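The structure appears right after this line, and notes come after that.
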Amino acid sequence: MSDSQAPRVVVVGGGFAGLQAAMHLRDAQVEVTVIDRRNFHLFQPLTYQVATGALASSEVAYPLRSIFKDCPNVRVLMGEARDFDLEARQVLLESVAGLPDPPPISYEHLIVAGGSHYSYFGHDEWTDVAPQVKSLESALVVRRRILRAFEAAELESDETRRQAWLTFVVVGAGPTGVEMAGQIAELARDTLPGDFRAIDTRSGRILLVEATDRVLTSFPPSLSGKAASALEKLGVTVCLEQMVTEIDHEGVSVKHPEGRVERIPARTVIWAAGVAASSLAARLGELTGAEVDRAGRVTVEPDLSLPGHPEVMALGDMVRVRGPDGSPQALPGVAPVAMQEGRYAARAVISRLEGTPVSPFKYHDKGNLATIGRAHAVADLPWARLSGFPAWLTWLVVHLFYLVGWQNRVLVFMRWLFSFITRGRGGRLITEEPAPPLR
Ligand SMILES: Cc1cc2nc3c(=O)[nH]c(=O)nc-3n(C[C@H](O)[C@H](O)[C@H](O)COP(=O)(O)OP(=O)(O)OC[C@H]3O[C@@H](n4cnc5c(N)ncnc54)[C@H](O)[C@@H]3O)c2cc1C
C-alpha cells in the first residue's frame, strides 16, 4: 500500500500497550501499521461508568484514525489478526464488521498487544446471563440490564419477583467489581429514588460476591478494609469467601465456606472475576515454543521479544515477562504496565534499527488506585496509602490525565463535576433493544 522503503512495523491492538508503541514511533524512520478489530481506542478503566449511565460511550472511546491523523507514517487498518506467519513475516487478518477481506500484512518488526478478556472459569454458558464491562458493547448490555431491572420492578406487582428485579449481584471484588457495586448503589440510592412511583429504588440489594477473604486483594489489607467499609456505607453487602456455583436468568447460587449452598434470586448479574489473555498469546507460544501459563499469557524474554524471534514482541495484559533470574514475572494487569511496555517496545525497535543494545524492560510501579463511589477511593502509592476524598481526587486527576484527547478530558471533567453537584447521571438510556413497531 506504500512505496516507502522504510522498515515496516506492524502493531496488533490499539489498546493501552499498542497505542503507546505506535505513538512513540511516529517520529521514527519507520512505516507503522496499527491493526485493531475496533476502530477506536477504549479507555477500559472507565467503561463501568458507561454501564451505570455516568458517562457516554464516546467519552471513553476515541477513534484510532483521529489519534494518528497527524502522523503520516502511521496508518490504521480495521481487521482481526487471526494468525502469524513468522517465517514469511506476515500477519494474517480476518474481516470484521462486514468489511472486505484484508490482505496479509508484511513486517520487519511485529508488536502484538491483543490484551485480555474476562474468563468464566470454564462456565462459558454464564457469558449471556452475567455480562461484563470489558468492552464497550458489553458495558452497554450491562447498562440496559441495570436500567431495565428498575423498569421491570416498577411494573411488577408480586413482591418476591419485584425483589428479584431489585437485587443486583456483582461477581468478583477486584477494582472493577468494587467500582461497579459502588456505582449501582449510588444509582439506586442517590440518582433514581425520585424517578419511580411504585418502587423505592433504595430498597434494592447490591451484593458483591468474592471467593477470597477480602476485597481488592491487590491492595494492602488495611486499604481493603477501608474499601469494604465504604461499600457497606453505600449500601453494598460484601459477601466474602463465597464461591459462585451457578448463574441463570433467575438468580445465583453461592457456596459458603462451610459447604452450604445458598440460592439468591436476582435478575441482574455482572461478572468482574478472572481474566484470560487474548488467544493471540497462546498462538505465539505455539509458534515459538514460549511458555503459556494457566491464564493464557505467553512468557516473553526480558526485552519483550519471543524466543528465537527478536523481531517479534508481545506486551500488555497478554504476557508475563522473564525477569533477571530467568523466571517469569506476572506484572499486574493494569494500564501503566501496558503503557510502559508499549513505550519500551517503540524504543527497542528504534535501538535495533540503529544497531544499539536494548536493555531489559523494567516496570516502574507508580501505585494502584480504585474508586468506590462519589468522593471515595483507595490509593496505594509508593509514597503514601490514601483513602477517602484525597484518594478520590488523586484517582480523578490520574484518570483525566490518561484519557485520550482534550475534548474527552473536558467533557468527562464537566460530567463528573455536574454529577458530583447534582448526583445526576445523564446516560440512563435503555438502547439497543429492537425498536417498538411504528403504528
Ligand atoms: C473494566 C476494567 C477496568 C479497569 N480499570 C483499570 C484501572 O482503573 N486502572 C488500570 O490501570 N487498569 C485498569 N484496567 C486494566 C487495563 O485496562 C488493562 O490492563 C489494559 O487495557 C491492558 O492494555 P493492553 O494494551 O494489553 O490491552 P487492551 O487495552 O485490552 O487492548 C487490546 C486491543 O487489542 C485489540 N485486539 C484484541 N485482539 C485482537 C485481534 N485478534 N485483532 C485485532 N485487534 C485485536 C482490542 O480491540 C483492543 O483494542 C481495567 C480493565 C477493565 C476491563
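Quick note: the coordinates plus some simple rules give every number you see, no bench work behind them. No experiment lies behind these values; they were computed from the predicted model shown. We place every Cβ from the backbone using ideal geometry, glycine too, and count neighbours over all the protein chains shown.
Of note:
- Rounded if a/c under 1.5, otherwise prolate or oblate - the chain, Cα gyration tensor axes: prolate
- Dimensions of segment 124-273 along the principal axes, based on C-alpha atoms and rounded to the nearest Å, stand at 43, 32, 31, largest first.
- Gyration tensor verdict on segment 191-250 (Cα atoms; rounded if a/c is under 1.5, prolate if a/b is larger than b/c, oblate otherwise): oblate
- Overall, the anisotropy analysis places segment 305-430 in the prolate class: the square-rooted eigenvalues a ≥ b ≥ c of its C-alpha gyration tensor yield a/c not less than 1.5, with a/b exceeding b/c.
- Among Ala273, Gly182, Gln132 - extreme Cα towards positive end, dipole of segment 124-273, charges at beta-carbon: Gly182
- Calculated [222 nm] ellipticity per residue, helices only, for the chain: -9500 deg cm²/dmol; basis is -39500 (n - 2.57) per DSSP H run with n ≥ 4, divided by all residues, nearest 500.
- Euclidean distance between Cα centres, segment 65-99 to segment 304-324, Å: 20
- Net charge over other residues, Cβ less than 15 angstrom from the Cβ of Leu92 (K, R count +1; D, E count -1): -3
- Charge sum, other residues only, whose C-beta stays under 10 Å from Met78's C-beta, Lys/Arg counted +1 and Asp/Glu -1: +1
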